[in-house]
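**Student:** Please see the structure below; I have some questions.
Read the figures in this text as sums done on the coordinates, not as results from a lab. Since we're looking at a predicted model, the values are computed, not measured. Glycine also receives a Cβ, built like all others from the backbone with ideal geometry; neighbour counts cover every protein chain displayed.
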Amino acid sequence: MKSLYFNEDHELFRQSVIEYINKKKPFFDQWEEERQVPKSVWKEMGDMGFLGLMYDEKYGGSKVDFFYSVILMEEMARAGNAGLLGGFSVHSYMATNHINNIGSEELKQKYLVPSIAGDILGAIAFTEPNAGSDVQGITTFAKKEGDHYIINGSKTYITSGCSADYFLTLCKTEAGFDIIVIDGDAPGITRNKLNKIGLHSSDTAEIFFQDVKIPTSNLVGNEGMGFYYVMESFQLERLCCAIMAIGAMDTIIAETLEFMKNRKAFGRPIAYFQVLRHRLADYCTDLECIRSLTYETCWRFMNGEYAIKQASMCKLKATELQNEVVAGCLQMHGGAGYMEDYPIARYFRDARVGTIYGGSSEIMREIIAKVVVDDVQFGKVY
Ligand SMILES: Cc1cc2nc3c(=O)[nH]c(=O)nc-3n(C[C@H](O)[C@H](O)[C@H](O)COP(=O)(O)OP(=O)(O)OC[C@H]3O[C@@H](n4cnc5c(N)ncnc54)[C@H](O)[C@@H]3O)c2cc1C
């Protein structure tokens, strides 16, 4: 069946992603227990070309259209390890994206090239203990002294916070807000791993900066523009969240259907009970609706449109639906759904964060309301 968005080359690429990820599936439980994905995986993904799909060949990327990235995130989400996917998406679509879009040539050579190769891992450090949704409330301060910044403050809930080699860090400065690349091994940094209810394969940390000295050449983009850069990057971040939720739902529904066909009650497979089959039909219908909006918004993004309203709608609907679907599908598993023997237990845990990170559902509704109620026009910065 022809697709509006995927051609034969896309589908060949999809096969290579599926083949790679199938080889990694036997390790998923181990990573969940170890609370970390081994760094060798990033190198493998770099070698496969998976970390540079959006970036120029001169930096080691392949600069293919955005639907290759959609496939990669969708298939990784379908594989069912959201922790791996979290670290990957932050690295490839958030940390490196800022450096690619607005970083100096020096920063590109130092961070983008080895990131695409999978030699180093990036993270984004925006959230602070007292400022998450309210990004402008951050207090981590970078004071300029000659050709260095002296940085003091803390960040929290940072994906890959313990394993990352560098952090794209939003700081307050005398110029306003700035994004500064901080090396993970810079003196004055302390990192503590946090315990989460899900995404166990992803390491999440709080990070403290005490008199951390960073060259001013590690400023990303123009001075004083950091807040606007962060706001603009949210379009892609939200699309990634939506794609990941959609891929996860494909598997949640497929595995639940398999279970329903095999599990018998009152002499027949539970898939025959109308209340359950209709619920599943509703889930599939809602999933196809949000998939269509998400693909269309990806197409807009790929063609240079700043579709922040649609991207926020995609993130809101896909992650809210994922929570509804995974809770309902776990219910259809009965007691088995509450056991770790079935992956649905992990899917349930992992889905919960979707409506919180990358901008909570409440913030998504607020952005959508600003556009549709207040007629606010959000524009591009770069
Ligand atoms: C697993 C995980 C990974 C993360 N990874 C990263 C990362 O890599 N880098 C990073 O910088 N951050 C990361 N975050 C942080 C995440 O982006 C924030 O948790 C999120 O933005 C919410 O901020 P907060 O936790 O401070 O909640 P708060 O902002 O304190 O919000 C608390 C509640 O109030 C609601 N609320 C806040 N403001 C409003 C409003 N105006 N109207 C209505 N309701 C409102 C929120 O929706 C929420 O329900 C991660 C978080 C988690 C859980």
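**Student:** If amide hydrogens are placed 1.01 Å from N in the peptide plane, which non-local residues have theirs closer than 5 Å to the one on SER154?
**Tutor:** Here the answer is THR140, PHE209, since their amide H atoms fall under 5 Å of that of SER154.
**Student:** Tell me, what is a quarter of the convex hull surface for the C-alpha atoms of the range 190-345, in nm² with one decimal?
**Tutor:** The directionally averaged projection comes out at 12.7 nm².
**Student:** Taking the Cβ of VAL372 as the centre, find all other residues whose Cβ is under 12 Å away and add up their charges (Lys, Arg: +1; Asp, Glu: -1).
**Tutor:** With Lys, Arg at +1 and Asp, Glu at -1, the neighbours total 0.
**Student:** Cut-off is 10 Å between beta-carbons; in what order do SER69, SER292 appear when sorted fewest neighbours first?
**Tutor:** SER292, SER69
**Student:** Can you give me the angle between helix 226-262 and the longest principal axis of the chain, using Cα atoms only, in degrees from 0 to 90, rounded to the nearest 10?
**Tutor:** Tilt of helix 226-262: around 20 degrees.
**Student:** Can you compute log10 of I(q)/I(0) for the range 281-329 with the Debye formula, treating each Cα as one identical point scatterer, at q = 0.19 Å⁻¹?
**Tutor:** Each listed q corresponds, in turn, to -0.60.
**Student:** Give the separation of the Cα centroids, the range 117-145 to the range 62-88, in Å.
**Tutor:** A separation of 24 Å, based on Cα centres.
**Student:** Can you list residues whose amide H is under 5 Å from ALA125's amide H, if they're 5+ apart or on another chain and H is modeled 1.01 Å from N?
**Tutor:** Answer set, sorted by chain and number: LEU168, THR169, LEU170.
**Student:** A further question follows. State, as an integer percentage, the relative contact order of the range 123-225 based on alpha-carbon contacts under 8 Å between residues 6 or more apart.
**Tutor:** 32 percent
**Student:** Do the alpha carbons of any pairs in LYS261/LYS315; LYS63/LYS155; LYS39/LYS196 sit beyond 22 Å of each other, and which pairs?
**Tutor:** Distance filter (> 22 Å) returns LYS261/LYS315; LYS63/LYS155.
**Student:** Related question: Return a whole-number percent for the relative contact order of the range 185-257, with Cα pairs under 8 Å and 6 or more residues apart as the contact set.
**Tutor:** 23 percent
**Student:** While we're looking at this one, here's another question. Can you give me the convex hull volume of the Cα atoms of the range 123-225, divided per residue and expressed in Å³?
**Tutor:** 91 Å³
**Student:** So what is the relative contact order of the chain, in percent, for Cα pairs below 8 Å that sit 6 or more residues apart?
**Tutor:** 16 percent
**Student:** Using the 2.2 N^0.38 Å rule of thumb for compact globular proteins, work out how the chain stacks up: its C-alpha Rg over that value, please.
**Tutor:** 1.00
**Student:** Using +1 on the beta carbon of Lys and Arg, -1 on that of Asp and Glu, and nothing else charged, what's the dipole of the chain about the Cα centre, debye to 20?
**Tutor:** 940 debye
**Student:** I'd like the Kirkwood hydrodynamic radius of the range 8-121, using the inverse of the mean 1/r over distinct C-alpha pairs, in Å.
**Tutor:** 14.3 Å
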